[in-house]
Amino acid sequence: MTQLTLTQPDDWHLHLRDGAALRDVVVDSARQFGRAIVMPNLKPPVTTVEDALAYRQRILAVLPEGSAFDPLMTLYLTDQTTADEVRRVDDTAETYAFKLYPAGATTNSEAGVSQLEALYPLLEVMERHDVPLLVHGEVTDPGIDIFDREKVFIERHLSPLLERFPCLRVVLEHITTREGAEFILDSRSGVGATITAHHLLFNRNALLAGGIRPHFYCLPILKREPHRQALLKAATSGNPKFFLGTDSAPHARQQKESACGCAGCYTAHAALELYATAFASAGAIGQLEAFASLHGADFYRLPRNTRRITLEQSPWDIPDWQRCGDEELIPFLAGETVQWRFISAESPAARPG
Ligand code: NCD
Ligand code: ZN
């Protein structure tokens, strides 16, 4: 039986929601990951340090007993965000970054930024205080084809932004294109990208295989096969600019299986198994630890985890559904078999030697 033991990974891009859903989904992330960068796109969004600290307490309150899972909080950047709030993020140990959603780009992004360039004075403050900017990199221009929105965002907005702010630390979240991967590779230090498991495993055909498959719908949307190949190459390259971010984004079944289904794939139930499957498919399982457990911590200048976790190559079936508050949640690849299994997370004290 092939086993793989590695430094406990962290999830550098995660949606945990709130209320009853939070309690049911956070256990999945807490089982596998040491820490997670928690997305602020609640309704209403988390726009202040005060909101973020209150949200963090709600997360901690529903963690399973004995869990050491550490939620790293982010604030939602809006047209109204103030320089004082940026300073507070810098001064607060529990808050790590601002998340930029172009208004209308994705789920719960109505309060997002309407014109990025208008926020340049604020980005200057972020740069000065060394507060990272996490970017949902898609234009919202309805004239741009949905499959090109990441590429066009990079050309129109990200490239000029990085020129203008040479010291701002930036994460291009959930990259989905060859252009995205190449742009990150070519960019200066202090610029990184997260990659999801679903974008490593599937191309856009999965959305339309024999019918419309709403559980494969997320934003940025799955792209063509050459893009998936480029992402897999980047993730398994050992380059420290690329790190794990699941973008696990739970939505109740009725919201997904609808005439206007919403964007987001729930992957937290099998996150490491899905990444292991992708890395193994590229013959690169040996690169999983760097991508999942080392690069993100280094980017955020946090200590690497000391705990170890073990995965095993043995098949198991993903359940057809799971509970999420009063609703049903369809986990990614529901009813299918995966070939890797998460076995355990050991505390450092339990480690031999
Ligand atoms: C996310 C969500 O549901 O909050 N959806 C998604 O498709 N990824 C938002 C996001 O990260 O774009
Ligand atoms: Zn997300």
Boolean, A276 is surrounded by 17 or more Cβ atoms within 10 Å (Cβ to Cβ), touching a strand residue (DSSP E or B) at 6+ places or on another chain (Cβ under 9 Å) and under 18 Å from K151 (Cβ atoms): no
A52 passes all but one of (1) more than 16 Å from ligand 1 (Cβ to nearest atom); (2) surrounded by fewer than 22 Cβ atoms within 10 Å (Cβ to Cβ); (3) not aromatic (F, W, Y); which number fails? (2)
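Please note which strands (runs of 3 or more DSSP E) are completely contained in segment 1-97 and include at least 1 residues that are more than 15 Å from ligand 2 (Cβ to nearest atom).
On the way: elements: 3-7, 11-14, 35-38, 70-76.
Qualifying strands (runs of 3 or more DSSP E): 3-7, 35-38, 70-76.
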What are the residues in segment 243-262 that are within 11 Å of ligand 1 (Cβ to nearest atom), under 20 Å from the mean Cα position of the chain (by Cα) and assigned to a loop (DSSP other than H, G, I, E, B), if any? G245, T246, D247, A249, P250, H251, C262
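S187 - would you say it is more than 16 Å from ligand 2 (Cβ to nearest atom), touching a residue at least 12 places away in the same chain (Cβ under 8 Å) and farther than 23 Å from T78 by Cβ? Walk me through how you get there before you give the answer.
Working: more than 16 Å from ligand 2 (Cβ to nearest atom): yes; touching a residue at least 12 places away in the same chain (Cβ under 8 Å): yes; farther than 23 Å from T78 by Cβ: yes.
It is true that S187 is more than 16 Å from ligand 2 (Cβ to nearest atom), touching a residue at least 12 places away in the same chain (Cβ under 8 Å) and farther than 23 Å from T78 by Cβ.
Please go through segment 239-256 and give me each residue that is within 16 Å of ligand 2 (Cβ to nearest atom), in contact (Cβ under 8 Å) with a residue 60 or more places away in the chain and over 29 Å from S314 (Cα atoms), ordered by number. Lay out the reasoning, then the answer.
First, pick out the residues of segment 239-256 that are within 16 Å of ligand 2 (Cβ to nearest atom): 243-251, 255-256.
From what's left, in contact (Cβ under 8 Å) with a residue 60 or more places away in the chain: 243-251, 256.
Selection gives K256 alone.
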Look through segment 34-92, keep the residues that are of a type in the set (D, E) and touching a Ser or Thr at 6+ places or on another chain (Cβ under 7 Å), and return whichever of them is farthest from A103 (Cα to Cα). E85
Just give me the residues in segment 4-17 being open to solvent by 10 Å² or more (accessible area, probe 1.4 Å) and within 12 Å of ligand 1 (Cβ to nearest atom), in sequence order. H15, R17
Would you check if there is a residue in segment 56-70 being more than 16 Å from ligand 1 (Cβ to nearest atom), open to solvent by 50 Å² or more (accessible area, probe 1.4 Å), in contact with a Leu (Cβ under 7 Å, 6 or more places away or on another chain) and of a type outside the set (K, R)? no
Can you tell me which of L302, L231, L274, L219 is away from ligand 1 (no atom under 14 Å from the Cβ), assigned to a loop (DSSP other than H, G, I, E, B) and aliphatic (A, V, I, L, M)? L302
If G283 meets every condition in (1) away from ligand 1 (no atom under 16 Å from the Cβ); (2) more than 18 Å from D70 (Cα to Cα); (3) surrounded by 15 or more Cβ atoms within 10 Å (Cβ to Cβ) apart from one, which number is that one? (3)
Considering only segment 197-214, I want to know if a residue exists there that is within 22 Å of G137 (Cβ to Cβ), modelled with pLDDT of 95 or more, crowded, with 24+ Cβ neighbours inside 10 Å and in contact with an Asp or Glu (Cβ under 7 Å, 6 or more places away or on another chain). no
Given the options V125, V139, name the one that is farther than 28 Å from A282 by Cβ and within 16 Å of ligand 1 (Cβ to nearest atom). V139
Where a residue in segment 220-238 is closer than 13 Å to E179 by Cβ and free of Cβ contacts under 8 Å to residues at least 24 places away in the same chain and its partner, wherever it lies, is of a type in the set (S, T, N, Q) and part of a helix (DSSP H, G or I), with Cβ under 7 Å and at least six apart: none
Failed condition for T92, given (1) more than 13 Å from L16 (Cβ to Cβ); (2) surrounded by 20 or more Cβ atoms within 10 Å (Cβ to Cβ); (3) in contact with a helix residue (DSSP H, G or I) (Cβ under 7 Å, 6 or more places away or on another chain): (2)
Is it true that some residue in segment 141-160 is in contact with a Gly (Cβ under 6 Å, 6 or more places away or on another chain) and open to solvent by 30 Å² or more (accessible area, probe 1.4 Å)? no
What residue, among those in segment 257-273 that are of a type outside the set (D, E, K, R), under 19 Å from C324 (Cβ atoms) and away from ligand 2 (no atom under 14 Å from the Cβ), is surrounded by the fewest Cβ atoms within 10 Å (Cβ to Cβ)? S258
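The values are calculated or read from the model by the stated rules, or taken from the named source; none is laboratory data. Computed from a prediction, not measured in an experiment: that's the story for all the values here. Virtual Cβ from ideal backbone geometry, glycine too; neighbours counted across all protein chains shown. Remember, those area values only see protein heavy atoms, side chains included, never the ligands or the DNA or RNA. Shrake-Rupley method; radii C 1.70, N 1.55, O 1.52, S 1.80 Å.
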